[in-house]
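Here the structure comes first, spelled out in structure tokens, and everything after it is commentary.
Just so it is clear, none of the values below were taken in a lab; they were calculated from the coordinates. Values in this document were obtained by computation on a predicted structure and should not be read as measured data. Please note: Cβ atoms are built from the backbone with ideal geometry, for glycine as well, and neighbour counts cover all protein chains shown.
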Amino acid sequence: MPENVWLLPLKDVDDDARAVKLGEIAELEVTADQRSYVDEPLRMALVGLEEDSRHPYAIDSNGIAVGILTLQTGAATLAGWPDDESAWLLRGFAIDRRHQGRGLGRLAAAAAVAAAAQLTARHGGGQAGVVLSVNEGNPAGLAAYRNAGFVDKGQYLGGSSGPQRIMFRAFRG
């Protein structure tokens, strides 16, 4: 059966729906390898809800949260991008360890680009796409982003987790 994902914007749902999703996000499990790249999922969601520049999303499949991601404006240089204005930063991206290997990361990464394009259309800002950095020692992440249409734009050495690849996907093209 083909997998599907939906991104649920945690800032745009009512309090009851948000509470349900935060409960599901609290139950997400990350592997030991993932812990070196991402923070604890519930903490990432709560930080995202508090900061105006961040837009946290629950990654849903079959009606339950299977992951989390955040789109952030004004922060692209954190991924080695040359400026903060031309791209959204995709950060805090994690798929629950029990749901990995099914292509959900690729689908969610592609959906994040569509969500960022919608945010740009709604709020302005002039961003042309989405940038992220992924650890060179994370072959599954690299493959998922490539399969979602992200293009490798070079190495970034400024992160705390070792050498990263800068990846970008434009809204169009």
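Overview of results
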quantity	calculated
Principal semi-axes in Å for the stretch 58-147 [√(5λ), Cα gyration tensor, largest first]	23, 16, 10
Spatial separation of Cα centroids for the stretch 50-106 and the stretch 110-145, in angstrom	7 Å
Amide H partners (placed H, <5 Å) of Ala87, local residues excluded	Ala128
Equivalent ellipsoid, the chain (semi-axes from 5 times Cα gyration tensor eigenvalues, Å)	22, 19, 15
Order by protection proxy (mean Cβ within 10 Å, highest first), peptides 145-151, 98-104	145-151, 98-104
